[in-house]
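Shown next, in structure tokens, is the structure this report addresses.
The values are calculated or read from the model by the stated rules, or taken from the named source; none is laboratory data. No experiment lies behind these values; they were computed from the predicted model shown. Reconstructed Cβ throughout: ideal geometry from the backbone, glycine too, with neighbour counts over all protein chains shown. Each accessible area value is taken on the protein alone, full model and side chains, heavy atoms only, with ligands, DNA and RNA left out. Shrake-Rupley method; radii C 1.70, N 1.55, O 1.52, S 1.80 Å.
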Amino acid sequence: MLSNISQLLLRNQDHFAQHSLLVCQSPRDNLAQQWEGGPLYTHHTDFVAWQMAERALGEKALFAPAPTGIEVDQALLAMPKSKDEARMLLAALAALLPVGGKLLLAGENKSGIKSAVKLLEPYGEPVKIDSARHCSLFEVELTEKAPAFNLADWQQTFELTVAGENLKVVSLPGVFSHGELDSATALLLEALPRVKSGRLLDFGCGAGIIGSYLAKKAPDAQVEMLDVSALAIAASELTLKANGIENAKVTASNGLSALTGRFHQIITNPPFHTGVGTDYSATEQLLAEAPKRLIQGGDLVLVANRFLKYEPLLAAGFNNKVDTLAQSNKFKVLYCRGSGR
């Protein structure tokens, strides 16, 4: 099924037909397979969306923190959740365009598209092209060449102390809890049992705070860090480098699919958003798979909003043994020990 944004774009294929088009942050659907307009490229920070587009477009589907290295006549951003991320990606897209190129912004009315005019004004005079499917489409024509794009200009570095460890964190727009330590992760790390040696997993690593903490706490451990976001992958790699950590690596993955084998500990502040929408599927899949991905006596520790009913899902796989290690007025830290089945 096509998203509302993709339906809006297909409805306007004639508008794009004469020139090449790059769609940035194309949703998780079959837009690429159904496109009949001019030459199409896509850029994704979402690994799952990229996998879907890559089947149809091959090398013309890009997975990266920001689009670089190609030349197109038109570039369109599907409005992300974060306005800072929107500003960054629009800057990257504008840098790819020639003078006279078209920069477009599309989004659902509930996703902040009403701010499109302000977001596009630095590049020209915005014009609304269409409004349908509870979405709007805006466009500007570049009257001068946009500045070159450099991802490093958008990095934010900060230092923190949590559970006795000092960390330098490098974050990027669009990464969870950009520029700060979120209270859920702080509660998780403060409540964490002894960090084991062996193979450890930070699932949904974001800017790399949990994975870096584990690597510093257990320098003999092998720390794996997973995320679906290219922005998170880049931020985590920068965070590891900033802390001089060499016993950890970061991998893009749809759930646990990119890794095999078992872990001594899985530590996670799991994601529950895909783009601008709420999506618990990745976390629910993790909770279902975790009992089989832990060694005997291995630990699963996660933090979640108190209203989320993860305990029944965990109890089904962990012999009804689910402990609460800590809680605040918003969050809870849950603990399970694997049987190695």
All positions within segment 167-179 that are in contact with a strand residue (DSSP E or B) (Cβ under 7 Å, 6 or more places away or on another chain) and surrounded by fewer than 18 Cβ atoms within 10 Å (Cβ to Cβ): Lys168, Gly179
Ala242 vs. criteria surrounded by fewer than 24 Cβ atoms within 10 Å (Cβ to Cβ), out of contact with any helix residue (DSSP H, G or I) (no Cβ under 8 Å at 6 or more places or on another chain) and farther than 19 Å from Pro80 by Cβ: yes
Members of segment 187-198 that are surrounded by 20 or more Cβ atoms within 10 Å (Cβ to Cβ) and either of a type in the set (Lys, Arg) or not in a loop (DSSP other than H, G, I, E, B) (or both): Leu187, Leu188, Leu189
Residues located in segment 36-56, provided they are over 19 Å from Pro80 (Cβ atoms) and surrounded by fewer than 20 Cβ atoms within 10 Å (Cβ to Cβ): Glu36, Gly37, Gly38, Pro39, Glu54, Arg55, Ala56
Count of segment 133-146 residues which are open to solvent by less than 90 Å² (accessible area, probe 1.4 Å) and part of a strand (DSSP E or B): 6
Every residue from segment 290-322 that is surrounded by 13 or more Cβ atoms within 10 Å (Cβ to Cβ) and in a strand (DSSP E or B): Leu294, Ile295, Gly298, Asp299, Leu300, Val301, Leu302, Val303, Ala304
Residue match in segment 170-184 (condition: assigned to a strand (DSSP E or B) and out of contact with any Asp or Glu (no Cβ under 7 Å at 6 or more places or on another chain)): yes
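For (1) modelled with pLDDT of 95 or more; (2) more than 15 Å from the chain's Cα centre (by Cα); (3) in a helix (DSSP H, G or I); (4) under 22 Å from Ala232 (Cα atoms), each residue gets a yes or a no:
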| position | (1), (2), (3), (4) |
| --- | --- |
| His15 | no, yes, yes, no |
| Thr42 | yes, yes, no, yes |
| Gln51 | yes, no, yes, yes |
| Glu54 | yes, yes, yes, yes |
| Gly58 | yes, yes, yes, no |
| Ala75 | yes, yes, no, no |
Scope segment 18-35; condition open to solvent by 40 Å² or more (accessible area, probe 1.4 Å), over 22 Å from Ala66 (Cα atoms) and either in contact (Cβ under 8 Å) with a residue 60 or more places away in the chain or part of a loop (DSSP other than H, G, I, E, B) (or both); matching residues: Gln18
Matching entry among Val99, Val117, Val127 (being open to solvent by 10 Å² or more (accessible area, probe 1.4 Å), out of contact with any Leu (no Cβ under 8 Å at 6 or more places or on another chain), among the β-branched types (Val, Ile, Thr) and modelled with pLDDT of 95 or more): Val127
Given (1) surrounded by fewer than 24 Cβ atoms within 10 Å (Cβ to Cβ); (2) touching a residue at least 40 places away in the same chain (Cβ under 8 Å); (3) part of a strand (DSSP E or B), number of the condition Phe149 does not satisfy: (3)
